Each structure stands twice: as C-alpha cells, then as structure tokens.
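Participant: Quick one: the structure is below, and I'll ask about it shortly.
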Amino acid sequence: MRRLADHLMFFAVRIASDRRRTWAMAMQRELQDADDPLSWAAGCLLTLLIERLQPMQTLVTAARWFVAAVTAAYAAFHFKMAWNGAMVLMGGPDWYYDKLIAWGHPDQAEGYQQAQPFIFAYMLLIGITHLGAAIFLVRWRPKAFYAFLAVAAVMVLAFTGLRVIPFQAGPLALLAAAACVLALMNRKSPPLATA
Amino acid sequence: MARALNISRQTRLVLAALLTQPQAWRYGYDLAKETQLKSGTLYPILMRLSDQGLLESEWRAPLQPGRPARHAYRLTNAGAALAQDQRSASAPRRALKAQTA
C-alpha cells in the first residue's frame, strides 16, 4: 500500500506544473506522515492533475464560443423560418405550397398547409431555445444552458411525435456533446472570496 | 448592503484551524487531520489562499534531525482578518443553530 502511494505521489510530482512544483514536493513530504498514504497520494494526484489542466481553460472557452456560434446560427435560421411562416399565416405567398401543387402532390400540400401553425410554433420555439442555449453557453451559466438544452430536446421530441417535423438529431447531439465535454472540462475552482 | 463572501464550508474550516494559532507555522497533514479534510480538498484551498495573499508558506527545518524539511503555512495579516470576519459572521449562525436545536 505504501509503495503504491509512493508511486502515485511520484507520478503526481512529475505531472505538477512548474508553478505548483513546490506544492507537489510539500505534499510528497507530508505523505511520509500520512496514516492513510494511498488516500493522501490519490488526493494529491487529483489536485495536481486538475491544476495541470487549468491552462486548458483557454481552449475550453474557445470551444464554447465555437459551439455557441454554431448554435446561434442554427437559432437564426429557425427565426428566419418562423418569420417566413408568420408571413404565410398572415396571407403571404407560400412558395413551398405552390411547388407541391406544381409537382402534383395536392395531398401533401394540404397536409403542409394544415401544419403551418405548428411549423411556425416549432421554428419559433427552437429559435428561442437555441438562442438561449447559445447565450448561456458564452456566459457559461451551466444550469441555464442545460435548461434551454432540455427544453429544446423536449420540443424536438414533441414535434417529432406530432409528425410536424422529421427528427433532427444533429444539432441536438452537438449541443448535448458540448454540454458533457464542457461540464467535464470546466472543473475550475471558484474564486475564494468574491464580494 | 455588502454581499456575503463566497467561501465554502471547507475553506472556513481551514481558516478557523489556522486562526487558532495565527503566529504558528502549521503543516499540511496536521491541518488535514484537524479539519478532517482529505488532501484533495485541503491543498486546493491552501493554494488558493496562498495565491490570494492570504497565506504565507515556507520550508521549515524538522525538529528531529535527519528528517526532510516540511512545508509550513500560516495566515498573513489579510488572511487573519478574513478568518476573523468569517468567525464573526458564523458566530450568530452557530448561536441560532444551537437555539433551534
């Protein structure tokens, strides 16, 4: 047990950043007195590993902004579609309906027209939820981000269930993956004292 | 009104332990035993206290010859002031808890 703890501690000292080298050596020295050396060494290893990962915060922030930009663009697309839908609902021209008629699919055109209010609602809600997710991703408010993500997922599932839209897994999967990765990598220590 | 400081319970424990003998140099393992904190919790707190100028540290020669030096810690004046503030702030809470218990 002691030997394993020594090995862990040796590894911890090796991975310590230059800034934390003294601290790593301090931890290694205290290991000599520890009653439970394995637990002590494991804790030190975790501490120094997390400290080592801190410079990766820049990378994490860049990744967050990238995902947020993609999400915001996706939201903008849905807002545009919602705007088009609103125009159609208010009696504006509907090129897609006209195309369906021209292609000889009057049944599909009829179904499409009946679903117009739902499509408009879907586009608007997806736009809002994705814009919210993008904003809170940039500002990094994880709980709000997860909430918007969950609402977006529920919306997609609900409207897919209603057969308003085909299932759109891509953007949601991107957001969900980003959520998991960012949550894992964002284990930054909070400021000790913020007034 | 000033907002309460965002200090975790574990940090308050460490500050309180260091404040019991503000002038004395304390060692990591002794602090861990006194506060019942694991090394993975204690050292990030000590590092952050040190980074913020609330804790000073130095290598101290051991009492027993032949043993390696130990890294020792004590509060700076700013750290002691913060620890005092925390103790003052938590005293009414403790009294209230005792009353309700």
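The values are calculated or read from the model by the stated rules, or taken from the named source; none is laboratory data. Since this is a predicted model, take the numbers as computed values, not measurements. No Cβ is skipped: glycine too gets one built from the backbone with ideal geometry, and neighbour counts run over all protein chains shown.
Participant: Residue under question is A:MET81, and the condition is that it be under 30 Å from A:PHE118 (Cα atoms), in the same structural domain as A:ALA115 (by TED's automatic domain parsing) and free of Cβ contacts under 8 Å to residues at least 40 places away in the same chain; does it hold? Break it down into steps so the answer makes sense when it comes.
Facilitator: Working: under 30 Å from A:PHE118 (Cα atoms): yes; in the same structural domain as A:ALA115 (by TED's automatic domain parsing): yes; free of Cβ contacts under 8 Å to residues at least 40 places away in the same chain: no.
When the stated conditions are applied, A:MET81 does not pass them.
Participant: Can you find even one residue in segment A:130-139 that is within 20 Å of the chain's Cα centre (by Cα) and not in a helix (DSSP H, G or I)?
Facilitator: First, the residues of segment A:130-139 that are within 20 Å of the chain's Cα centre (by Cα): A:130-139.
Narrowing further to those that are not in a helix (DSSP H, G or I): A:139.
The answer is yes, given that some residue of segment A:130-139 is within 20 Å of the chain's Cα centre (by Cα) and not in a helix (DSSP H, G or I).
Participant: How many of the residues making up segment A:59-89 are over 14 Å from the mean Cα position of the chain (by Cα), surrounded by 17 or more Cβ atoms within 10 Å (Cβ to Cβ) and aliphatic (A, V, I, L, M)?
Facilitator: Matching residues across segment A:59-89 total 4.
Participant: Further, regarding this structure: Would you check if there is a residue in segment A:91-104 being crowded, with 18+ Cβ neighbours inside 10 Å and in contact with an Asp or Glu (Cβ under 8 Å, 6 or more places away or on another chain)? Before the answer, list the steps.
Facilitator: Pass one, segment A:91-104, residues crowded, with 18+ Cβ neighbours inside 10 Å: A:94, A:100.
Checking which are in contact with an Asp or Glu (Cβ under 8 Å, 6 or more places away or on another chain) leaves us with none.
No: zero hits.
Participant: Another question about this same structure. Condition first: within 11 Å of chain A (Cβ to nearest Cβ), in a helix (DSSP H, G or I) and of a type outside the set (A, V, I, L, M). Now tell me which residues in segment B:13-60 satisfy that.
Facilitator: Correct list: B:GLY28, B:TYR29, B:ASP30, B:LYS33, B:SER39, B:GLY40, B:THR41, B:TYR43, B:PRO44, B:ARG48, B:SER50, B:ASP51.
Participant: Follow-up. Yes or no: B:ARG94 modelled with pLDDT under 90 and away from every other protein chain (no Cβ under 13 Å)? Working first, answer last.
Facilitator: Details: modelled with pLDDT under 90: yes; away from every other protein chain (no Cβ under 13 Å): yes.
In short, yes.
Participant: Same structure again: Whether any residue in segment A:47-55 is surrounded by fewer than 17 Cβ atoms within 10 Å (Cβ to Cβ), more than 26 Å from A:GLN116 (Cβ to Cβ) and away from chain B (no Cβ under 14 Å) is what I want to check. Walk me through it before giving the result.
Facilitator: Taking segment A:47-55 as the starting set, the residues that turn out to be surrounded by fewer than 17 Cβ atoms within 10 Å (Cβ to Cβ) are A:49-50, A:52-55.
Then drop every residue that is not more than 26 Å from A:GLN116 (Cβ to Cβ), which leaves A:49-50, A:52-55.
Imposing the further condition that a residue be away from chain B (no Cβ under 14 Å) reduces the set to A:55.
Yes, segment A:47-55 has at least one match.
Participant: Next question, about the same structure. Just a yes or no: is a residue in segment A:114-125 polar (S, T, N, Q) and farther than 30 Å from A:ALA178 by Cβ? Steps first, please.
Facilitator: Of all residues in segment A:114-125, those polar (S, T, N, Q) come to A:114, A:116.
Those still in the list that are farther than 30 Å from A:ALA178 by Cβ too: A:114, A:116.
So far as segment A:114-125 goes, yes, one or more of its residues are polar (S, T, N, Q) and farther than 30 Å from A:ALA178 by Cβ.
Participant: Can you say whether A:ALA158 is out of contact with any helix residue (DSSP H, G or I) (no Cβ under 6 Å at 6 or more places or on another chain) and more than 30 Å from A:VAL60 (Cα to Cα), as far as the supplied structure shows? Working first, answer last.
Facilitator: Working: out of contact with any helix residue (DSSP H, G or I) (no Cβ under 6 Å at 6 or more places or on another chain): yes; more than 30 Å from A:VAL60 (Cα to Cα): yes.
For A:ALA158, the condition - out of contact with any helix residue (DSSP H, G or I) (no Cβ under 6 Å at 6 or more places or on another chain) and more than 30 Å from A:VAL60 (Cα to Cα) - is met.
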